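So the structure is just underneath, and the comments pick up after that.
What follows is calculated from the coordinates using simple rules that are stated; it is not laboratory data. Predicted model only: the values in this text are computed from it and were never measured. Neighbour counts run over all protein chains shown; Cβ positions are idealised from the backbone, glycine included.
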Amino acid sequence: MGRAKASGVHQKGKLSFFDVLKRVRSHPSFHKAGAVGIFVGVVRGETSRGERVEKLELEAYEEKADKALQRICRELRERKGVINVQIHHLLGEFEVGEDLVYVVVAGTHRQDVFPVLEEAVERYKGEAPIFKKEYVIDEKGATKSYWVSETERE
């Protein structure tokens, strides 16, 4: 797997949930942790408009996405009681139910972990240049696809 990124984007199949958990536990200050909060984003089988999702395709401006995710983690690690923050977003083609993103926060207490975990999720969605194409099945059974950002303006 080569030199592991502290946080960033990865091609599907190159990083698992267990790899991420192992990375968090191997942090030099992990012995101070009393809680680990984990968010796993998965492919939802239905859009906000009620269409059935067939699959998703995720792409990124990888260099900028890595920098954005690493910056978010670095800033959140400055919070009181936070030991480690990692965000790993997967890229490629995904079926319904497959993992897309892992966000992990280790902290001294659970009260330190939950707000930072939620902020990390909200921030990566808004700050990292990661693009999602949805393949949906319309009411007539035909498959159509579109980049999600294109439909958010409707």
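For a straight C-alpha distance cut-off of 25 angstrom, the lysines reachable from LYS14 (same-chain residues fewer than eight places away being disregarded) are LYS5, LYS22, LYS55, LYS64, LYS67, LYS125, LYS132, LYS133.
The charge dipole of the chain, taken about the Cα centre with unit charges on the Cβ atoms of Lys, Arg (+1) and Asp, Glu (-1), comes to about 860 debye, rounded to the nearest 20.
Helix 110-127 against the longest principal axis of the chain: what's the angle in degrees, Cα atoms only, rounded to the nearest 10? Between helix and principal axis, roughly 40 degrees. Against the set (i) 2, 10, 21, 24, 24, 15, 4, 1, 0; (ii) 2, 9, 18, 20, 18, 13, 9, 6, 3, 1, 0, 0; (iii) 2, 9, 18, 23, 22, 14, 8, 3, 1, 0, 0, the structure's computed P(r) over Cα pairs in 5 Å bins from 0, in percent falls on (ii). Helix 62-76 and the longest principal axis of the Cα set of the chain meet at an angle near 40°.
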